[in-house]
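Heads up, the thing below is written out as structure tokens.
The values are calculated or read from the model by the stated rules, or taken from the named source; none is laboratory data. Fair warning: this is a prediction, and the values are worked out from it, not measured in the lab. A quick note on method: Cβ atoms are made from the backbone with ideal geometry, for glycine too, and the neighbour counts reach across all protein chains shown.
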Amino acid sequence: MSKLTVDNNKCTGCRACEIACSYHHKKVFNPKIASLEVQRNEVDGTMSVMLYRQLPQEIKRLRLPCDACIGEPQPFCVKYCPTGAITVKPSKRYQANERK
Ligand code: SF4
Ligand code: SF4
């Protein structure tokens with residue numbers, strides 16, 4: 001399983017990652033089912049992204065588990081983040097896909 005990493009300093013809160021994730025899972029644009037959640041700090045306005053493994057259990061129940069975008073050459077949340085805030089340590093599977 002590949003490992004996603006988020007640099008919250010690069011996150012603008014555009015939510016493209018949530019949209020892309022829901023499209024990967026169900027071919028719909030519905031951030032409420034995404035495996036990751038974009039959050040805004042109401043005190044200082046900064047944005048952050050909670051990956052599936054970081055979400056509280058009650059939120060996880062409402063969302064689809066991250067499958068590392070199985071079947072895709074690259075995780076959608078990484079591919080469609082316009083700022084490069086989400087990165088992935090390539091697994092052997094992704095490296096194999098990239099060589100095709
Ligand atoms: S790797 Fe795929 S399934 Fe996992 S959070 Fe990113 S877009 Fe969603
Ligand atoms: S797509 Fe990137 S910049 Fe936009 S909310 Fe997600 S992590 Fe932040």
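Computed values, structure above
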item: Counted residues, segment 38-73 - those being under 20 Å from residue 89 (Cα atoms) and either in contact (Cβ under 8 Å) with a residue 60 or more places away in the chain or not hydrophobic (A, V, I, L, M, F, W, C) (or both); result: 11
item: Tally, over segment 1-12, of residues that are within 8 Å of ligand 2 (Cβ to nearest atom) and farther than 19 Å from residue 53 by Cα; result: 2
item: Matching entry among 15, 40 (being within 11 Å of ligand 2 (Cβ to nearest atom), over 14 Å from residue 81 (Cβ atoms) and either of a type in the set (A, V, I, L, M, F, W, C) or modelled with pLDDT of 95 or more (or both)); result: 40
item: Residue pairs meeting the criteria (Cβ under 8 Å; at least 6 apart or on separate chains; first loosely packed, with under 14 Cβ neighbours inside 10 Å, in segment 11-35; second of a type in the set (Phe, Trp, Tyr)); result: 29/23
item: Output for segment 32-53, where each listed residue is in a helix (DSSP H, G or I) and within 11 Å of ligand 1 (Cβ to nearest atom); result: 33, 52, 53
